[in-house]
2 protein chains.
Amino acid sequence: MEERGEKMVSSAQLASRCAINAGTVRKDLSYFGKFGVRGVGYYVKDLLYDIKQILGLSKEWRMAVIGIGNLGSSLLSYKDFLKQDYQIVAAFDIDPPKVIGRVSEKLGRPVEVLHIDRIKEVAKERKIEMGIITTPPSEAQNVANMLVEAEVRGILNFAPAQITVPKGYVVKDVFFTTILDNLAYLLSNI
Amino acid sequence: MEERGEKMVSSAQLASRCAINAGTVRKDLSYFGKFGVRGVGYYVKDLLYDIKQILGLSKEWRMAVIGIGNLGSSLLSYKDFLKQDYQIVAAFDIDPPKVIGRVSEKLGRPVEVLHIDRIKEVAKERKIEMGIITTPPSEAQNVANMLVEAEVRGILNFAPAQITVPKGYVVKDVFFTTILDNLAYLLSNI
């Protein structure tokens, strides 16, 4: 809306975009303070700024992808990251053939693939705050340990293995098979 | 465990694998009936069978991927699907250059990429029950409509757009940017 130059938005318009109801929009926002003008709506620019503040998106997050197989390569080329202040600033792998300098243009912005042994040094240098694990499951905990050692506090884990991290670190799992299991369960109980 | 020939498993062992506590394992299972032998544990084979029944995994789910870009190609080659009774049996795209018969061996099992216009016919023929949308967001609702028309009841939506389906159909969204926003929020509030 901001890109299109729209100045105001109502909770009903927001609700319709999110496929929820307007009351929920108003209630959810009210948890974080007072927004908008009663009976009028929200200033698009202000609301966007406030939501970014709430979500911790008022800054750029610098990320590394660890494990440059199919999924890792796919993430490197996932253009929607760029829109939202997420920057992949490093890529690591352990498999020598992949440590070849730069990935092909086809995979989007060129990102140098480095040997995983350099993770601590590079994380510090490039101020990396999030690590995306796309290794085989057997390597996930090892990689998580390296990220902790490098003080990378946020981990997005695509490897189907439970990993544990010390207090002060956060892991979000994205397990495709768990998501599919969930869909299968819902379909079995329609 | 079954593959390794293990016969019994305790709730403590299960809990440790899932990084939760043993009481939670017992409580969660108790929602679905009586499992295991008090003070002994669970028969691995029986528990696996029962959990598959609960989750609707006692059958093979036949899936189609729609949109064979980077992410779609990556899913076609995602080997962990195979383990869990999920079979990708069709791939669709609208972009003529991709409709070239078979995808390369590098992308895993060869799957013929078909033109999206054939989705209804092929879904019926191949008994497809789940559709995975990996198109650009602007196409997601159109593709969802085609899947509904083809009576494909489960949709896994990777395209960052809200889609709506009629009653009796199920959509699960997997939005990478939403997951990253969530991680960013958690990191901002450690």
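The values are calculated or read from the model by the stated rules, or taken from the named source; none is laboratory data. What you are looking at is a predicted structure, and each value in this text was computed from that prediction instead of being measured. Counting neighbours? That spans all protein chains shown, and the Cβs are built from the backbone with ideal geometry, glycine included. All accessible areas refer to the heavy atoms of the entire protein, side chains included, with ligands and DNA or RNA removed. Shrake-Rupley method; radii C 1.70, N 1.55, O 1.52, S 1.80 Å.
Specify the residue that is nearest to the chain's Cα centre (by Cα); the eligible residues are those in region A:18-43 that are closer than 20 Å to B:THR178 by Cβ and hydrophobic (A, V, I, L, M, F, W, C).
Taking the candidates together, the pick is A:CYS18.
Go over the candidates A:VAL143, A:VAL113, A:VAL171 one by one and state the one that is in contact with a helix residue (DSSP H, G or I) (Cβ under 8 Å, 6 or more places away or on another chain) and at the interface with chain B (Cβ under 10 Å from one of its Cβ atoms).
The match here is A:VAL171.
List the strands (runs of 3 or more DSSP E) that sit entirely inside region A:110-190 and contain at least 1 residues that are in contact (Cβ under 8 Å) with a residue 12 or more places away in the chain and surrounded by fewer than 19 Cβ atoms within 10 Å (Cβ to Cβ).
A:112-115, A:170-173
For region B:21-77, which residues satisfy the criterion of being open to solvent by less than 80 Å² (accessible area, probe 1.4 Å), over 25 Å from B:LYS7 (Cβ atoms) and part of a loop (DSSP other than H, G, I, E, B)?
B:GLY56, B:LYS59, B:GLY67, B:ILE68, B:GLY69, B:SER77
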